[in-house]
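> Can you keep this structure in mind? I'll have questions shortly.
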């Protein structure tokens with residue numbers, strides 16, 4: 001299997017396992033961009049415009065995802081103290097809970113992989129994946145959302 005297909009297959013397998021893990025824990029409504037949005041908002045509240053900029057998508061695209069996530073109870077809108085017309089977005093309690101489950105899954109997945117192939121190999125894989133990610137996405141990993 002060529003390298004690109006191997007990476008794509010590994011990613012797809014990881015995402016499927018993550019979504020199954022989330023569904024088992026009561027989070028069935030998970031869009032492909034929800035994790036990027038929640039991790040971005042977990043670092044700092046943002047308006048729809050700012051979130052779109054951070055994710056490399058249009059404000060309209062961000063608004064669509066935000067509406068879905070608000071309806072699912074993962075994101076909440078609050079008045080922006082700096083601009084009465086704008087709304088700040090923050091993770092809602094459901095989003096905070098989902099992020100905790102996601103972080104738990106990531107750690108468990110990496111731990112299982114380390115048991116299968118060895119911890120040293122996982123360190124090598126992390127280093128190999130971090131190099132192109134750093135040069136293509138810049139300093140903000142949330143920008144990885146754009147090509148998905």
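Rule-based calculations on the coordinates, nothing more; no lab input. For clarity, every value in this text was computed on a predicted model and none was experimentally measured. Positions of Cβ are backbone-derived with ideal geometry, glycine not excepted, and every protein chain shown enters the neighbour counts.
> Give me the angle, in degrees from 0 to 90, between the Cα long axis of helix 93-117 and the longest principal axis of the Cα atoms of the chain, rounded to the nearest 10.
Long axis of 93-117 versus the principal axis of the chain: about 10 degrees.
> On to the next question. Report which label in [x] 40, 35, 31; [y] 53, 35, 23; [z] 93, 29, 22 holds the value of Cα extents along the principal axes in Å derived from the coordinates of this structure.
Answer label, from the structure shown: [y].
> How much length would be gained if the chain were fully extended between residue 101 and residue 117, taking 0.36 nm per residue of separation minus their Cα-Cα distance, in nm to one decimal? Walk me through the numbers before you get to the answer.
Details: separation 16, 0.36 × 16 = 5.76 nm, distance 2.42 nm.
Full-extension gain reported as 3.3 nm.
> Would you mind computing, in nm to one decimal, how far apart the modelled labels at residue 49 and residue 14 are, each placed 7 Å from Cα along Cα→Cβ?
Reported label-point gap for residue 49 and residue 14 is 3.4 nm.
> While we're on this one: For the residue pair residue 85 and residue 60, what label-to-label distance in nm results when each label sits 7 Å from Cα along the Cα-to-beta-carbon direction?
Here the modelled spin labels are 1.9 nm apart.
> Another question, if that's okay. From the helices alone, meaning DSSP H stretches of at least four residues, give me the mean residue ellipticity at 222 nm for the chain, per-run term -39500 (n - 2.57), in deg cm²/dmol to the nearest 500.
When only DSSP H runs of four or more count, the value is -22000 deg cm²/dmol.
> Further question on the same structure: How tilted is helix 3-24 with respect to the longest principal axis of the chain? Cα atoms for both, answer in degrees (0 to 90, nearest 10).
60
> Could you give the angle, 0 to 90 degrees to the nearest 10, between helix 59-72's Cα long axis and the longest principal axis of the Cα atoms of the chain?
Compared with the principal axis, the helix lies near 90 degrees.
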